[in-house]
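What follows is calculated from the coordinates using simple rules that are stated; it is not laboratory data. Note that the structure is a prediction, hence the values are computed from the model and not measured. Ideal geometry is used to build each Cβ from the backbone, glycine not excepted, and the neighbour counts take in all protein chains shown.
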Amino acid sequence: MSSKNFFLKKELPISKLFPKENFTKTQRIKNIKPLDKAQNGDLTFYDLKKYQNLANKTKASFCITTKNLSLDLPKKIKIILVNNVLIELARITKLIYPLADIDYPDLSLKPISKLKLQAVKFGNNVLIGKNVKIGKNSIIGSNTIIEQNVKIGNACIIGSGVIIKNSLIENKVVIQDNCKIGQKGFGFIPMDKQNIKFPHIGKVIIKSNVEIASGCTIDRGSIDDTVIGENTYLDNQVHVAHNVQIGDNCMIAGQVGFAGSSKLGNNVSIGGQAGISGHLKIGNNVKIGGGSGVIKDIESNEIVMGYPAVPLKEFLKNKKDKNGNR
Amino acid sequence: MSSKNFFLKKELPISKLFPKENFTKTQRIKNIKPLDKAQNGDLTFYDLKKYQNLANKTKASFCITTKNLSLDLPKKIKIILVNNVLIELARITKLIYPLADIDYPDLSLKPISKLKLQAVKFGNNVLIGKNVKIGKNSIIGSNTIIEQNVKIGNACIIGSGVIIKNSLIENKVVIQDNCKIGQKGFGFIPMDKQNIKFPHIGKVIIKSNVEIASGCTIDRGSIDDTVIGENTYLDNQVHVAHNVQIGDNCMIAGQVGFAGSSKLGNNVSIGGQAGISGHLKIGNNVKIGGGSGVIKDIESNEIVMGYPAVPLKEFLKNKKDKNGNR
Amino acid sequence: MSSKNFFLKKELPISKLFPKENFTKTQRIKNIKPLDKAQNGDLTFYDLKKYQNLANKTKASFCITTKNLSLDLPKKIKIILVNNVLIELARITKLIYPLADIDYPDLSLKPISKLKLQAVKFGNNVLIGKNVKIGKNSIIGSNTIIEQNVKIGNACIIGSGVIIKNSLIENKVVIQDNCKIGQKGFGFIPMDKQNIKFPHIGKVIIKSNVEIASGCTIDRGSIDDTVIGENTYLDNQVHVAHNVQIGDNCMIAGQVGFAGSSKLGNNVSIGGQAGISGHLKIGNNVKIGGGSGVIKDIESNEIVMGYPAVPLKEFLKNKKDKNGNR
């Protein structure tokens with residue numbers, strides 16, 4: 001299921017993609033994948049030292065990276081050396097997936113009356129793209145849009161005014177009114193006059209028993225996927241950026257925001273309006289106080305609070321010291 | 001008006017609801033209500049010591065509580081002792097109101113052209129549920145959904161793309177584009193694999209002259225109601241959780257978030273992005289600075305700021321001390 | 001382009017507007033404009049000492065102000081002295097623009113099938129108001145509403161469920177799903193029982209190559225305009241209040257909020273969930289850390305962080321001192 005691809009893919013020989021490199025004409029890239037998910041035939045990229053462990057073990061056949069970082073990669077991988085990994089990755093991804101850098105509205109949408117989806121109940125004015133699959137006993141509210149190739153499982157309740165694209169949704173998922181799921185994330189390369197838009201070829205995976213309250217935005221992954229784990233609940237107006245992976249049984253309160261690519265374990269609870277910076281690793285059973293700003297990795301079982309977030313004991317100690325100053 | 005009930009109610013004898021208790025077969029529960037609103041014949045619940053004053057005076061006939069807390073209740077009330085009040089309350093509420101724990105989209109919605117609502121102006125594609133009432137000189141914008149039994153007063157201006165359910169709205173209320181009002185709140189009992197969804201049988205009451213800006217979410221009450229007082233204004237993207245009660249003449253700036261069940265007095269002003277924790281009591285004429293995190297009750301006429309919020313003088317003092325350290 | 005007016009204007013002689021002043025009957029107000037944009041024949045207002053420099057140089061013919069502030073105005077301007085500038089300004093603006101203080105839904109909207117807009121692609125159920133202009137090669141997603149007189153340039157991609165009013169949008173702009181652009185801002189004069197709603201006669205101007213992610217709200221200006229500069233990118237759920245002016249090449253991360261009337265330079269980057277208070281001036285090349293609360297002007301090239309935001313060095317120093325206290 002998770003290998004499904006939502007974007008038009010051009011079959012270009014690798015010699016055309018990297019004309020300066022010494023590739024045989026017929027060789028092709030199977031897929032573009034992150035270090036830990038790439039397989040034989042895939043292109044990957046390595047741009048941050050913090051992913052050294054994944055770089056050591058990647059099974060990709062090709063990797064875009066810098067000279068310094070290239071030393072961490074397996075010997076048999078074909079390395080493409082560049083000065084700026086993300087610019088080159090954006091260029092190549094755009095060549096292979098030319099329609100993934102802007103969210104072109106799905107013009108294949110049709111009113112539900114013209115389609116046949118059995119054992120699914122629909123409100124009014126529901127619009128469904130081609131090749132959408134919806135499982136039995138699911139209900140889709142009025143004015144909701146489900147774009148092409150989206151798959152929704154059994155017994156899901158999707159509210160009104162919801163927009164879903166580039167997503168795979170498992171069973172018994174509840175999505176309340178007006179959520180936006182699967183749109184492009186905030187990824188681009190800043191340039192004067194006209195930024196380079198980073199193609200987002202990933203998707204959103206929402207596992208069984210998840211509940212997502214009103215007005216949330218869940219961006220799809222750029223190269224990787226965005227994942228919400230089983231039985232995790234999100235409150236209203238939560239913002240989940242691209243590539244974020246949230247574990248099972250988590251509780252995310254209202255207006256929490258995630259920057260991109262952070263990974264959370266299971267049983268994590270996050271209080272309202274907390275913010276989680278990008279590329280962090282949060283362990284299992286972590287509790288993050290409301291309004292906190294998390295800027296460092298958190299070990300399992302920790303309780304943190306504050307801006308920037310520190311272990312709860314430290315937060316209370318600092319507060320006491322501050323008052324003691326008076 | 002405020003006793004209106006939006007959810008299908010099953011008439012079950014109390015002996016079936018609590019088979020282990022010694023109830024006569026024919027006895028019935030009139031309603032499920034919070035301590036202070038329950039009347040003779042109603043079931044209530046008591047789970048937090050901070051509501052002791054309300055427990056002392058409740059007029060309910062039945063109360064779910066724990067052994068320790070039960071001592072605070074009036075003598076003549078029939079007590080149902082449990083280990084976990086909210087689990088038992090969820091179980092009973094789900095038996096009586098079987099459709100209140102998930103926001104099933106209203107499939108009774110119909111395009112406005114088939115209905116007759118005089119002296120009301122409608123945009124395009126408005127969808128209205130059965131038994132909706134809208135007062136004269138009100139205007140409802142395009143693509144707006146008003147679900148069954150909602151009541152809207154006179155001279156209200158409801159924008160486009162708005163979704164209203166389980167709500168009673170008084171006169172001269174302005175609700176701007178894309179607000180979501182009356183959906184289920186973030187209430188559940190965490191369980192491994194599959195949380196217990198807490199039924200929300202309350203509603204949203206919006207009093208006269210209120211203005212609510214774009215993209216706000218106002219959850220309905222769980223057992224109690226969510227209330228926005230007269231002439232109170234909310235800016236864009238405000239999140240009001242279940243059971244919150246905001247007084248009259250308040251000003252709530254953009255992106256403010258309320259956790260559940262807090263009660264605000266009149267003339268309260270709250271700066272942008274502030275967060276208010278759950279179950280707090282905020283007095284009259286309170287001013288809360290932008291970005292503050294309020295985690296304690298606030299007396300009337302206080303000005304607070306900071307994270308956590310403290311009286312303004314203390315906030316400024318602390319800031320000065322910090323700078324003095326250098 | 002920027003002088004376009006979206007609101008019905010009544011042609012009232014100035015003697016009717018200010019009956020207590022000594023105006024000749026036939027004199028008229030050309031327009032109501034802020035100090036720096038008013039021209040000969042226009043009415044302006046001056047209510048905050050911090051705009052003294054603009055007051056000195058205003059070309060307006062009439063100005064509402066207080067006795068103290070009036071000394072800063074050019075000699076030949078006709079001064080209307082009042083106790084409360086904003087109350088008087090609201091009164092006059094409401095007389096001239098009687099429909100600008102509430103967002104009355106546009107009842108001129110029509111399904112796109114009845115209109116002719118060539119070289120534009122539309123999804124389903126798009127609604128367009130009278131006199132809307134959309135440039136060639138633009139695409140408009142399903143369920144999107146574009147109200148009367150809005151102008152959208154060439155090669156713009158507008159997502160689904162978007163609502164745009166009172167706005168001028170240049171070329172190659174991307175607006176993702178469910179943004180709300182051009183609605184009235186949070187401006188009113190607090191009054192017991194019934195606030196005075198401040199008319200918003202400004203608009204939103206979005207320059208070329210801008211990208212705005214899902215669920216953002218951008219309020220139109222009150223007297224001035226709200227402006228998003230060229231090639232500036234906004235992430236999901238950003239709130240931009242009335243009269244805010246953002247420069248070119250800025251990056252605004254998720255859930256950032258702006259209070260009214262602040263002006264940002266070019267190349268400013270703001271981290272997620274940061275808040276910017278009202279009436280501030282932020283220079284060029286400024287970096288504002290995620291979660292910060294900015295309450296003072298920031299010079300060009302500064303990096304700030306914290307709540308309230310201070311220069312990064314100071315923030316780190318304070319953090320160290322705090323830890324050193326232990």
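How much net charge surrounds residue B:104 when only other residues with a Cβ under 11 Å from its Cβ are counted (Lys, Arg +1; Asp, Glu -1)?
Every neighbour counted, the sum reads -1.
Put a label point 7 Å from Cα along the Cβ direction on residue B:313, then list its distances to the equivalent points in the other copies in nm, shortest first.
Reported distances to equivalent positions: 3.5, 3.5 nm.
Using only atoms on other chains, find how many Cβ atoms lie within 10 Å of each Cβ of peptide C:105-112 and report the average.
Mean partner-chain Cβ count within 10 Å for C:105-112: 5.
For residue C:15, place a label point 7 Å out from Cα along the Cα→Cβ vector, do the same in each other copy, and report the separations in nm, one decimal, smallest first.
8.8, 8.8
Assigning unit charges at the beta carbon (Lys, Arg +1; Asp, Glu -1) and nothing else, what dipole magnitude in debye, to the nearest 20, does the protein assembly as shown show about its Cα centre?
940
What does the charge count around residue A:61 come to, taking other residues whose C-beta lies under 9 Å from its C-beta (Lys +1, Arg +1, Asp -1, Glu -1)?
With Lys, Arg at +1 and Asp, Glu at -1, the neighbours total +3.
Show which aspartates and glutamates lie in cross-link reach of residue A:184 when reach means a straight Cα distance below 17 angstrom and same-chain residues fewer than eight apart are skipped.
A:101, A:103, A:106, A:147, A:219, A:224, A:225, C:177, C:211, C:235
Suppose R0 equals 51 Å; then what is the FRET efficiency for residue A:57 and residue C:78 from their Cβ-Cβ distance, rounded to the nearest 0.05?
Efficiency at R0 = 51 Å is approximately 0.10.
Can you list, shortest first in nanometers, how far residue B:263 lies from the same residue in the other copies, with each label 7 Å from Cα toward Cβ?
Result, one decimal in nm: 4.8, 4.8.
Let me have the 222 nm mean residue ellipticity of chain C computed from DSSP H runs of 4+ only, each contributing -39500 (n - 2.57), with the sum over all residues rounded to the nearest 500.
-3000 deg cm²/dmol
Between residue B:299 and residue C:131, what is the label-to-label distance in nm when each label sits 7 Å out along the Cα-to-Cβ direction?
5.8
Among A:176, A:149, A:306, which residue has its Cα positioned farthest towards the positive end of the charge dipole of segment A:110-315, with +1 placed on the Cβ of Lys and Arg, -1 on the Cβ of Asp and Glu, and the dipole taken about the Cα centre?
A:149
Please sort B:80-91, A:125-136, C:133-144, C:20-31 by packing, taking for each peptide the average over its residues of neighbouring beta carbons within 10 angstrom, highest first.
Those peptides, ordered most packed to least, come out C:133-144, A:125-136, B:80-91, C:20-31.
If you count, for every residue in A:145-152, the Cβ atoms of partner chains within 10 Å of its Cβ, what is the mean?
Across the residues of A:145-152, the mean count of other-chain Cβ atoms within 10 Å is 2.
Where the only charges are on Cβ atoms (+1 Lys, Arg; -1 Asp, Glu), what is the dipole of segment C:14-96 about its Cα centre, to the nearest 20 debye?
With Lys and Arg at +1 and Asp and Glu at -1, about 200 debye.
Give the distance, in whole Å, between the Cα centre of segment B:206-241 and the Cα centre of segment C:73-143.
If we compute the Cα centre of each part, the gap is 26 Å.
Between residue A:68 and residue C:95, what is the spin-label point distance in nm, taking each point 7 Å from the Cα along the Cα→C-beta axis?
Distance between the two pseudo-spin positions: 6.8 nm.
Would you work out the Kirkwood radius for chain C? I mean one over the mean of 1/r across all pairs of different Cα atoms, in Å.
Kirkwood radius, chain C: 21.1 Å.
Of the options B:208, A:135, C:188, report the single residue whose Cα projects farthest towards the positive end of the charge dipole of the protein assembly as shown (beta-carbon charges: Lys, Arg +1; Asp, Glu -1).
It is A:135.
Can you tell me the dipole magnitude for chain B around its Cα centre, using point charges on the Cβ only (Lys, Arg +1; Asp, Glu -1), in Debye to the nearest 20?
Computed about the Cα centre, the dipole is about 820 debye.
Mind telling me which of C:248, C:225, C:42 comes out most flexible in a GNM of chain C, alpha-carbon contacts under 10 Å?
Top of the fluctuation ranking is C:42.
Determine the equivalent ellipsoid of segment B:1-99 by diagonalising the alpha-carbon gyration tensor, then write out the semi-axes as square roots of 5 times the eigenvalues, largest first, rounded to whole Å.
With the √(5λ) rule applied to segment B:1-99, the semi-axes are 20, 16, 13 Å.
Skipping prolines and chain starts, which residues have an amide H placed within reach, meaning under 5 Å, of the one on residue C:297, given they are 5 or more residues away or on another chain?
Result for residue C:297 returns C:281.
Can you list residues whose amide H is under 5 Å from residue B:212's amide H, if they're 5+ apart or on another chain and H is modeled 1.01 Å from N?
Result for residue B:212 returns B:174, B:175, B:176, B:234.
State whether segment C:123-203 is rounded, prolate or oblate according to the following rule on the C-alpha gyration tensor (a ≥ b ≥ c being the square roots of its eigenvalues): a/c under 1.5 gives rounded; otherwise a/b larger than b/c gives prolate, and the remaining case gives oblate.
Here segment C:123-203 falls in the prolate category.
Could you work out the mean count of beta carbons from other protein chains within 10 Å of each residue's beta carbon in C:254-263?
Mean number of neighbouring Cβ atoms from other chains: 5.
What are the extents of the Cα atoms of the protein assembly as shown along their three principal axes, listed from largest to smallest and rounded to whole Å?
Result, largest extent first: 89, 85, 70 Å.
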